[in-house]
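To start, the structure itself, in structure tokens.
The values are calculated or read from the model by the stated rules, or taken from the named source; none is laboratory data. The model shown is predicted, which means the values in this text are computed figures rather than measured ones. Using ideal geometry, Cβ is built from the backbone for each residue, glycine included, and neighbour counts are taken over all protein chains shown. All accessible areas refer to the heavy atoms of the entire protein, side chains included, with ligands and DNA or RNA removed. Shrake-Rupley method; radii C 1.70, N 1.55, O 1.52, S 1.80 Å.
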Amino acid sequence: MILELVKTIKDATKLNVYAFAAPRVEQCVVYNYTPLSDNGAKATARVEVRVIAFTLAEALEIKSKVLNALMAAGDGSKLKQVTKLEVSGGGSLEELTSKTTHLFFNLNITIKSEVE
Amino acid sequence: MAKGNIVLGSGDLYITQFEGAIPTHDTLEVEANRIGSIKGGASLSVSPEVYEVIDDKGMCLKRFITSQEITFKSGILTWDLETLKTLTLGGTYSATADLATLKIGASGAIAQYLVRFVHTLDTGKKIRVTIVGTASNGFELSFNPDEETVIDAEFKAMAHDIEGNQVVIEQELA
């Protein structure tokens, strides 16, 4: 599922998407995947997304592309396997060394458990 | 491996006026009949009323179904007046290029609607729930600054064939 999510973000933003950290200074999307629960039928996870851009306006535009590619109004999501997707929390900061703006948000997702 | 599937997730809701017979899947499950987005999933409730023949010793000898109440509920997130019309009893809807109007309150015939909910399993196979019914609980239209408007739709099923069947649940196997 996370691979499909990453591919969707890549396709929507046309940017590199990295796990954990960006290897160089560039406009990109970085994520951390945190499994939260799994009862054998339903699993939930949090994907912490960090958009790295050179201005806040650019970062907001990238965030908008990500959400438009993933979220659906009402039940479900635009990803086939994700039965529920919500955004919670977030923030932004300016990184002075690299002169980049970082925009954070969390995707709370519900999927069917992979347990067979 | 356990028999059957774990079902998780919502689906698509289609509503159209009932014309006397349930059309084919391809005819019914089209964009024009699809309610845009639903929220909170959907539920089908089957409540049979049973009459028991009990003798003087308190033993149950036979049970009969005297009636069955079948209701379908869902929350409608994206709607227009044409959608609301399906939830009214005897409402009249009219539209011009510039204006849509729904009038509610006058008495009149109650339209029957064909309501179909389609859940797609992760195998790609579909479970379809189909009823013919009428809106049974009206609706509440709220305009709330804190929450999106979700209209609770409730349809009570009625017999749609000579056998008296009220609901059809189909699961694709192949």
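Note on segment B:6-74: along the principal axes its Cα atoms extend 59, 31, 19 Å, ordered by decreasing extent.
Counting only DSSP beta bridges with both residues in the protein assembly as shown, what percent are antiparallel, rounded to the nearest 5? Please list the in-between numbers first.
Details: 82 of 87 bridges.
Looking only at bridges with both residues in the protein assembly as shown, the antiparallel portion is about 95 percent.
Electrostatic bookkeeping for residue B:73 treats Lys and Arg as +1 and Asp and Glu as -1; over the other residues with beta carbon under 9 Å from its beta carbon, the sum is -2.
Here the convex hull built on the C-alpha positions of segment B:39-115 has a volume of 151 cubic angstrom per residue. Of the trypsin sites (Lys or Arg not before Pro) found in segment B:92-174, those that fall in a DSSP loop while having at most 14 other beta-carbon atoms within 10 Å are B:125.
Per-residue Cβ counts within 10 Å, from other chains only, averaged over A:72-80: what number is that? Write out the running numbers ahead of the final one.
Values: counts 2, 7, 15, 14, 9, 1, 0, 0, 4.
Across A:72-80, the average partner-chain Cβ count within 10 Å equals 6.
Residues in segment A:33-116 average 54 Å² of solvent-accessible surface per residue, probe 1.4 Å, ligands and nucleic acids excluded. Solvent-accessible surface of chain B, averaged per residue with a 1.4 angstrom probe and all protein chains in place: 63 square angstrom. If you look at the Cα atoms of segment B:1-140, you get an Rg and a Dmax of 19.4, 72 Å. Computed from the Cα positions only, the extents of chain A along the three principal axes stand at 47, 25, 23 Å, in decreasing order.
A cut-off under 9 angstrom between Cβ atoms defines the neighbours of residue B:119, and their net charge, with Lys, Arg +1 and Asp, Glu -1, is +1. Per-residue ellipticity at 222 nm, computed for chain B from helices alone with -39500 (n - 2.57) per DSSP H run of at least four residues, works out to -1000 deg cm²/dmol. Between the alpha-carbon centers of segment A:50-64 and segment B:12-79, tell me the distance in whole angstrom. Their Cα centres are 47 Å away from one another. Which whole-number percent of Cα pairs in segment A:4-70 have a distance greater than 19 Å? So the pairs more than 19 Å apart make up 34 percent of the total in segment A:4-70. Counting only the Cα atoms, the protein assembly as shown fills a convex hull of 226 Å³ per residue. Its residues counted as N, segment B:71-155 yields a C-alpha radius of gyration over 2.2 N^0.38 Å of 1.26.
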